[in-house]
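See structure below.
The values are calculated or read from the model by the stated rules, or taken from the named source; none is laboratory data. It should be emphasised that the depicted structure is a prediction, and the values quoted were computed from it without experimental measurement. Cβ placement follows ideal geometry from the backbone for every residue including glycine, while neighbour counts extend to all protein chains displayed. These area figures cover heavy atoms from the full protein model, side chains too; ligands, DNA and RNA do not enter into them. Shrake-Rupley method; radii C 1.70, N 1.55, O 1.52, S 1.80 Å.
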Amino acid sequence: MSIGDSDMLGVTIAGIKMKTPVMTASGTFGFGLEYKDFVNLNKIGAVVVKGTTLLPRSGNQGRRIAETPAGMLNSIGLENPGVDEFLSTILPRLKDYDVPVIVNISGNTVEEYGELAARLNVADVAGVELNISCPNVKEGGIAFGTNCDSASAVVKQVKSNTDLPVIVKLSPNVTDIVAMAQSVEDAGADAISLINTLLGMSIDIHKWRPVLGNVVGGLSGPAVKPIAVRMVWQVAQSVKVPVIGMGGIVTAEDAIEFMLAGASAVAVGTANFINPCAAQSVADGMKNYLRQRGLFHVSELVGKVNI
Amino acid sequence: MPKMVVEARIVRNTEIGVNVKELVLYAPEIAVQAVPGQFLHVRVADSYYPLLRRPLSISGADHITGTVSTIYRVVGQGTACLAALTSKDSVDCMGPLGNGFVIHGQRPLLVGGGMGLAPLLFLAGALCPRPIEILMGGRTKEEMFWADMFHNKCDAIHITTDDGTLGSCGVTLDLLPEVLKSGAFDVIYTCGPRIMMEGVAKVAKTYNIPCQISLEEYMACGIGGCLSCTCAGKDGLRKKVCTDGPVFWAQEVMS
């Protein structure tokens, strides 16, 4: 008897049915359509689109990326065409694909998060992910993600404005990740995703200037993986809602580590820049791993690390 | 045809100037599609450092031999990795990416500086049989090996060097008005340092000659997903250098 992909890899996270547990991390996969020549979008667990705001944003000035050991810094600054353009132009084109679309949203105020959630409460959006962890914008973003009370306020506002599942993306730039996770769970989060990027900096020793135009930026890539695995492990034990693990996943082995730490699904981020079919390759590799281990379903891995 | 990711065998990777190498890849799927101005996005090593791909302008493509070429200067860790590869190796290569030059008019002038001359080399071949003139600049005579490469593609080659060791002493912009007066050019294609292209675009505007520029920017994905390389368009919209460019009409991105 042969077991099909969805039979082995299919998961449902906060009511969002996915063919594989491998999603794409916001900001690393555009709106999905940019990748259609390279990867079969129908084979991705879910596409989490670029952080979307009420009004268009042009992002940060100057150089926006810098390569670092086993990683990269970015300071894009939430450049995006705004929610109206997303709803009128981009979302209709995503309908051609059989993949859940999760919209990452970011606001300057609690009310803006609520308004965004209300606007996106439409049939073709599978869920929203609250970006309370962007390190690259002055207002909003991480300001909400480093304080339990404001994070909680954002989640409550969004929950009262949408029927969709609400995923909250946490920042690793906090003292107590578990406290943050518990706050957003108590506020009604349906799932928690982590980690967003770690705040970092790179200096050009020839020019004595920061490499990034924005001086500091978010560190991602394999370099952050052990931190992400640790935080997923800590959070998964402390909350009942599903955890989506991300941070430096390049290979299936990386993804499996996150699942063993307690993630019910994972997201591929920086790896999309290196290999545009990374999300699909990771899922394929997970299936092979399950077969080799004689396992029937990916959920058999979740939180199974023996301490 | 879709853009693709291929494992491309290295045909040769040879030094053509001081710290400048030409990489020729066997990638027939890319070679058959490539147009001047497009770029390759190359994984220079199967490693985590360097991690990201490197965008490299296509300097030539031959759909009969199935090869595609690029010319690069060894400047950092990524290009050092690339420089160490030999014909025994292959590289993971995406391409052809971006939008190329629009073939326009009958009397083109090419203006290039430094490594910006690489895509113009490919363009010069595509503009044949039009009479082509090129204005090229570099720091010193040693950098002007380019002149030989353009020799059989161009009707006239105008050269400037910063130190005056070859051609006129100065930069391309100093010589540009004189070159423009000498011929009835109906299009200018430029690639090189940003400051040079801005100057060329300004002069082109004064002379009322359409001008295409090829921008260079730091980028991660190369396919419009990461927004590392965007710039402000004059229409008020953001432009992605990787997918809306790298070639633009000057007025799209410069005033």
Could you tell me how many degrees, from 0 to 90 and to the nearest 10, lie between the Cα long axis of helix B:194-206 and the main elongation axis, the longest principal axis, of the Cα atoms of chain B?
40 degrees
Between A:ASN147 and B:VAL18, with labels modelled 7 Å along Cα→Cβ, what's the label distance in nm to one decimal, could you check?
5.8 nm
The farthest towards the positive end of the charge dipole of chain A, of the residues A:TRP208, A:VAL158, A:GLY32, given +1 on Cβ of Lys and Arg and -1 on Cβ of Asp and Glu, is A:TRP208
How big is Rg to Rh over chain A, alpha-carbon atoms, Rh as the Kirkwood inverse-mean-distance radius?
0.95
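Across peptide A:71-81, what mean number of C-beta atoms from other chains lies inside 10 Å of a residue's C-beta? Numbers along the way, then the final one.
Details: counts 4, 5, 0, 4, 1, 5, 1, 1, 5, 2, 2.
Per residue, the number of nearby Cβ atoms from other chains is 3 on average.
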Residue-normalised accessible area of segment A:76-174, expressed per residue, 1.4 Å probe, Å²
35 Å²
Can you give me the P(r) profile for the protein assembly as shown? Cα pairs, bins 20 angstrom wide beginning at 0, each as a whole percent.
21, 50, 25, 4
Would you pull out the residues with amide H under 5 Å of B:VAL111's amide H, same chain only if 5 or more places away, H placed 1.01 Å from N?
B:LEU135, B:TYR189, B:THR190, B:CYS191
Please turn the phi angles of segment A:109-120 into ³J(HN,Hα) values with the Karplus equation 6.51 cos²θ - 1.76 cosθ + 1.60 (θ = phi - 60°), one per residue in order, whole Hz, x for glycine and proline.
9, 4, 4, 5, 4, x, 5, 4, 4, 5, 5, 8
Towards the positive end of the charge dipole of chain A, with charges on Cβ (+1 Lys, Arg; -1 Asp, Glu), say which of A:ILE16, A:TRP233, A:VAL243 has the farthest Cα.
A:TRP233
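State the Kirkwood hydrodynamic radius of segment A:119-208 in Å, one decimal place, computed from all pairs of distinct Cα atoms. Provide the component values of the computation, followed by the final result.
Numbers: mean 1/r = 0.0722 Å⁻¹.
That comes to 13.9 Å for segment A:119-208.
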Under 12 Å, Cβ to Cβ, from B:ARG43 - net charge with Lys/Arg +1 and Asp/Glu -1:
-2
Between B:HIS104 and A:ASN121, what is the spin-label point distance in nm, taking each point 7 Å from the Cα along the Cα→C-beta axis?
4.9 nm
Using only Cα atoms, locate the centre of segment B:70-142 and the centre of segment B:183-255, then give the distance between them in Å, rounded to an integer.
16 Å
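Only four residue types carry charge here, +1 at the Cβ of Lys and Arg and -1 at the Cβ of Asp and Glu. Report the dipole size of segment A:169-285 about the Cα centre in Debye, rounded to the nearest 20. Show your work: numbers first, answer last.
Working: 6 positive and 9 negative charges, 76 e Å.
Result for segment A:169-285 is approximately 360 debye, rounded to the nearest 20.
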So who's got an amide H within less than 5 Å of the one on A:MET246, skipping anything under 5 residues away but keeping other chains? H placed 1.01 Å off N, in plane.
A:LEU194, A:ILE195, A:ALA267
Which loop trypsin sites (Lys or Arg not before Pro) in segment A:145-254, with loop taken from DSSP, have no more than 11 other Cβ atoms within 10 angstrom of their Cβ?
A:LYS207, A:LYS240
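What is the ratio of the Cα radius of gyration of segment A:80-236 to 2.2 N^0.38 Å, with N the residue count, to two decimals? Working shown, then result.
On the way: Rg = 16.6 Å, N = 157, 2.2 N^0.38 = 15.0 Å.
Taking N as the residue count of segment A:80-236, the ratio is 1.11.
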Once amide H atoms are built 1.01 Å from N in the peptide plane, which residues 5 or more positions from A:ILE13, or in another chain, come under 5 Å H to H?
A:MET18
Whole-Hz Karplus couplings 3J(HN,Hα) for segment A:227-235, θ = phi - 60° and coefficients 6.51, -1.76, 1.60, Gly and Pro as x, run 5, 5, 4, 4, 5, 4, 4, 5, 6
List the chymotrypsin sites (Phe, Trp or Tyr not before Pro) in segment A:193-273 that DSSP assigns to loop (not H, G, I, E or B) and whose Cβ has at most 14 other Cβ atoms within 10 Å. Which are they?
A:TRP208
Put a dot 7 Å past each Cα toward the Cβ at A:ILE205 and A:LEU55; how far apart are the dots in nm?
4.3 nm
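Please get the size of the charge dipole for the protein assembly as shown, origin at its Cα centre, with Cβ charges of +1 on Lys and Arg and -1 on Asp and Glu, quoted in debye to the nearest 20.
On the way: 46 positive and 52 negative charges, 42 e Å.
Roughly 200 debye for the protein assembly as shown.
Pairs of Cα atoms under 8 Å, at least six residues apart: use those to get the relative contact order of chain A, whole percent. Intermediate values should be presented prior to the final figure.
Working: 751 pairs, mean separation 58.8, N = 307.
Rounded, it is 19 percent for chain A.
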More than 18 Å apart: what percent of Cα pairs in segment B:5-129 qualify?
50 percent
So what is the relative contact order for chain B, in percent, with contacts set as C-alpha pairs under 8 Å and at least six apart?
17 percent
Charges at C-beta only: +1 for Lys and Arg, -1 for Asp and Glu. How large is the resulting dipole of segment A:1-70 about its Cα centre, in Debye rounded to 20?
280 debye
Once phi is turned into θ = phi - 60°, what whole-Hz ³J(HN,Hα) does the Karplus curve with 6.51, -1.76 and 1.60 give for every residue of segment B:16-30, x standing for Gly and Pro?
10, x, 5, 6, 10, 10, 10, 10, 10, 10, 8, 8, x, 5, 7
Charge dipole (segment B:97-170, unit charges on Cβ, about Cα centre) - positive-most of B:THR165, B:ILE132, B:ALA118
B:ILE132
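Per DSSP H run of at least 4 residues, take -39500 (n - 2.57); add these up for chain B, divide by its residues and hand me the 222 nm value, nearest 500 deg cm²/dmol.
About -5500 deg cm²/dmol.
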